Amino acid sequence: MSTTPRRLGSDSVYPVGLGCMNLHHGYGPPSDEAEAAALLNAALDLGYDFLDTATIYGLGKNETLIGTALKHRQGEFLQASKCVLLFDGDKRRIDARPESIKAACEASLKRLQRETIDLYYMHRPDRKVPIEDSMGAMADLVAEGKIRMVGLSEMGEGLLRRAHAVHPVAAMQSEYSLLTRNPEIAVLDACRELGVTFVPFSPVGRGYLADNPPAPKDYHASDMRRIFPRWTEPYWSENLPLLKQAQAMAGDLGVTTSQLAIAWTLAKEPGCVPIPGTTSRKHLADNFKAAELALTPDQVTALDSVFQPEAVKGPRYSPAAQASVDTEQYAFEAAEG
């Protein structure tokens with residue numbers, strides 16, 4: 001069954017996890033704290049057992065919320081957080097120096113009100129620091145009992161292999177959906193070879209792969225999609241013919257388009273654990289139930305054919321955002337850039 005727990009490092013979790021970023025950052029103003037706390041508890045009540053946050057989300061406030069709202073339930077879920085993408089006041093910075101990683105971990109532990117973080121990611125590559133040095137610090141944190149497992153985020157095959165040679169990498173997190181299939185270039189194969197769990201973020205295409213996706217004109221002023229080309233005009237409208245085909249298949253199956261999109265990631269990579277995020281109780285339940293939808297090989301092939309990488313219009317990142325990651329690009333994307 002598709003709801004069978006999936007391996008994540010030395011643990012196993014429900015096939016769909018919860019990305020917590022949306023509660024403070026990304027697609028609009030921060031959620032009301034009481035409502036956000038209630039949503040987190042509702043997630044655990046549904047059966048979610050893998051929650052993902054990061055130092056940068058809400059400039060520490062997301063970790064603080066989880067630490068306060070779920071302190072009494074810490075034994076019910078696996079907690080992931082991230083370092084390297086840090087903040088000074090309201091300014092963001094990338095810093096993967098060993099001493100910075102260790103200081104960030106101490107701060108995250110305090111905010112999360114934990115003695116140990118289950119899975120701790122390097123959120124972004126730091127071009128100024130060899131990843132071997134950064135991984136040495138992560139290995140130290142494991143040895144000290146501050147973290148249990150090490151992860152990487154938005155990095156390519158080369159950095160994954162270099163990092164894994166220093167200390168086992170338990171998970172690789174990167175954007176993966178029908179709209180964004182770049183991990184298929186190299187990282188998914190490397191994860192399988194090395195025994196690394198792949199964790200797709202934005203499996204519903206940053207809200208685009210939905211029954212009624214928000215139009216660019218309706219984005220909040222703080223919505224990050226305003227600066228991501230694929231989610232702005234003209235590309236938003238140019239990709240609608242692809243979306244309509246997914247919506248039609250979802251309708252035939254009696255599921256939402258978002259559930260179909262999540263189920264596709266689960267079928268494409270049987271060991272992956274996608275982490276859709278939401279501020280909606282309804283979407284929270286819908287996303288969780290997506291694991292119950294087992295797509296047939298023919299259905300997966302049909303979606304693959306519609307959403308061929310070269311058929312999707314517009315780059316996923318602006319040039320500045322792309323420069324901050326190490327993910328592989330298709331040749332046509334690099335040419336467009």
Quiz item: Tell me, what is the 1.4 Å probe accessible area of LYS102, in Å² to the nearest 10?
Solution: 60
Quiz item: So, in Å, what gap is there between the alpha-carbon centers of segment 124-146 and segment 172-199?
Solution: 21
Quiz item: Where the only charges are on Cβ atoms (+1 Lys, Arg; -1 Asp, Glu), what is the dipole of segment 1-159 about its Cα centre, to the nearest 20 debye?
Solution: 180
Quiz prompt | Å² of accessible area per residue within segment 161-263, as computed with a 1.4 Å probe and no ligands counted | solution = 38
Quiz item: Can you pull the accessible area of TRP264 for me, 1.4 Å probe, Å² to the nearest 10?
Solution: 0
Quiz prompt | Heavy-atom accessible area ranking, 1.4 Å probe, most first, across LEU240, LEU295, LEU40 | solution = LEU240, LEU295, LEU40
Self-check item: Among the listed pairs LYS244/LYS268; LYS128/LYS282; LYS61/LYS146; LYS82/LYS268; LYS61/LYS282, those beyond 32 Å (Cα-Cα)
Solution: LYS128/LYS282
Exercise. May I ask for the net charge around MET249, where only other residues with Cβ less than 14 Å from the Cβ of MET249 are counted and Lys, Arg are +1 while Asp, Glu are -1?
Key: -3
Quiz item: To the nearest Å, what is the center-to-center distance of segment 282-312 and segment 40-60, using C-alpha atoms only?
Solution: 23
Practice problem: Between beta-carbons, use under 10 Å as the cut-off and find the net charge around ARG230, counting Lys and Arg +1, Asp and Glu -1. | Solution: +3
Quiz prompt | Accessible surface ranking that places the most exposed of LEU39, LEU293 first, with a 1.4 angstrom probe | solution = LEU293, LEU39
Self-check item: Residue-by-residue Karplus 3J(HN,Hα) for segment 194-207, coefficients 6.51, -1.76, 1.60, Hz, glycine and proline x
Solution: 8, x, 9, 6, 8, 10, x, 9, 6, x, 9, x, 6, x
Quiz item: When the accessible area of the chain is split by element with a 1.4 Å probe, what percent falls to carbon and sulfur?
Solution: 54
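The values are calculated or read from the model by the stated rules, or taken from the named source; none is laboratory data. A quick note: this is a predicted structure, and the numbers were derived from the prediction, not measured. FYI the Cβ positions are ideal-geometry reconstructions off the backbone, even for glycines, and counts take in every protein chain you see. With ligands, DNA and RNA removed, areas are computed over all heavy atoms of the protein, side chains included. Shrake-Rupley method; radii C 1.70, N 1.55, O 1.52, S 1.80 Å.
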